[in-house]
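Chemist: Please see the structure below; I have some questions.
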Amino acid sequence: MKQKIANLLPAFDLKNIRIFYFLTAFTSFWFLAANWLFFWLKFMNYQQLGIIDAITFGAGLLMEIPSGAISDLVGKKKTIVLGTGTAFFSIILMASAQNIYMLFIAQLFLVLGWALNSGSLEALVYDSLLEKGREKEYEKVMSVSSSLASFITIGAIFIGGFLYEFYFRLPTFAWGITWGIAFLLALKLREPKIDSEVFSWSNYWKQLKTGTLALLKPELISFSVVIFSLMGGYFLYDFGFLKPALATAFGFNVFQQSSLFAFLALVGASVVLLVPWLRKRITDRKGLYLLTFMLGTGFVIAYFFNNWLGIISLLLIDISGYLVYPWISVVINQEIESKHRATSLSAVALLSKVPYVFLSIIAGTMANNSEIGIFSWWIGIFILSSVIISTLIYKIGNKKSRLV
């Protein structure tokens, strides 16, 4: 029995890793993923939502920077306890909100909780394995936890539709309960005796600069154009209100969106398995260009749909989006020397999120004027143009190398 568990859940015999799997599970019950927009629009319009989204997301980005310093100061366990506790409090406040101001405050606390958790939990997992000499199992542990999170999220999205039909606050309350359980689990974590990474401001900025410069090397810069376009475009769609806003524009109600988003997540989780198969048949450059074309086309054609055929647009965006990170990760691992790989991935993840702060306000204003399709069209055009720019940079680079 123990061997079967060990095969399914690597390092499950270690207490911290065991708790990590449960934490991953209980923080993945996104019951409100397909209905939060309908809840929030009861208290505000799209324009107000765009402004709140921009402010709180920007605050979250800023909070992520010192979260490493807090983790070093008070310890990873206490930081995780503080993060899960703050998230639990904020979600319950959100579920109880009676006006726009309560939702705004709740969202601010929520992004603070997420920022405190960001990186701290993964660092605790790595250090827990390191002190037992089992750090080689880290990649397997993270891979399994990611799959676990995906399956739970799919089920929770579907169930969330039924909960919303019963009472519009219920999905958020249910989400809060799962984070409350996560908070109690975090209390049982043990602080590792080994600290493999100590945060410092100088190291943070140095790593960010190094990772960015590695992406701007002549042989990689043409890749970087589509990498940032892909990461930024999909994040804009998946993280904020653009995805449910488009689905609403296509005529899907809250219950239908729960079923639709669960289906899209299932399709996305399945197509990720095709990355090795696809890479054997086309080059990485052609693969990333194909994903960029799919993502851009998905955004562009959203402008032309106002019925259930909009599923085509959502499918194109979701399929390409799910393939983006694993494929980009492979490219960076191949093209960048090992000591700069992690920092390059971190730089891409951070810098591709920055435009969201500004675009969220524009999207909210246009959605408020029933122009979300026009916004999507322009985003799609920008994404598609990155393929042309990347191709030109690549050809110019090849000409220069032949002249040398």
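The values are calculated or read from the model by the stated rules, or taken from the named source; none is laboratory data. As the structure is a prediction and not an experimental result, all values here were calculated from the model. All Cβ positions, glycine included, derive from the backbone under ideal geometry; neighbour counts span all protein chains shown.
Chemist: Would you tally the residues in segment 272-294 being surrounded by 15 or more Cβ atoms within 10 Å (Cβ to Cβ) and more than 16 Å from the chain's Cα centre (by Cα)?
Modeler: Total meeting the criteria: 13.
Chemist: Also, quick follow-up: Being modelled with pLDDT under 90 and surrounded by fewer than 23 Cβ atoms within 10 Å (Cβ to Cβ): is that true of S259 here?
Modeler: Spelling it out, it is not the case that S259 is modelled with pLDDT under 90 and surrounded by fewer than 23 Cβ atoms within 10 Å (Cβ to Cβ).
Chemist: Among the residues of segment 381-404, count how many are of a type in the set (S, T, Y) and at pLDDT below 90.
Modeler: Here the count works out to 4.
Chemist: Continuing with the same structure: Would you point out which residue out of L230, L264, L246, L236 is crowded, with 20+ Cβ neighbours inside 10 Å and modelled with pLDDT of 95 or more?
Modeler: Selected residue: L246, the only one of L230, L264, L246, L236 that is crowded, with 20+ Cβ neighbours inside 10 Å and modelled with pLDDT of 95 or more.
Chemist: Taking segment 104-135, which residues are touching a Lys or Arg at 6+ places or on another chain (Cβ under 8 Å), in a helix (DSSP H, G or I) and either acidic (D, E) or modelled with pLDDT of 90 or more (or both)?
Modeler: D127
Chemist: What helices (runs of 4 or more DSSP H) lie completely within segment 1-77 and have 1 or more residues being at pLDDT 85 or above and under 30 Å from S259 (Cα atoms)?
Modeler: Of the helices (runs of 4 or more DSSP H) lying wholly inside segment 1-77, those with at least 1 residues that are at pLDDT 85 or above and under 30 Å from S259 (Cα atoms) span 15-26, 36-40, 46-74.
Chemist: Ok, one more. Assigned to a helix (DSSP H, G or I) and touching an Asp or Glu at 6+ places or on another chain (Cβ under 7 Å): does that describe G298?
Modeler: Considered against the rule, which asks whether it is assigned to a helix (DSSP H, G or I) and touching an Asp or Glu at 6+ places or on another chain (Cβ under 7 Å), G298 comes out as no.
Chemist: Now, a different point. Mind listing whichever residues of segment 75-109 are touching a residue at least 24 places away in the same chain (Cβ under 8 Å) and among the aliphatic types (A, V, I, L, M)?
Modeler: Hits for segment 75-109 are I80, V81, L82, A87, I91, I92, M94, A95, A97, I100, L103, L108.
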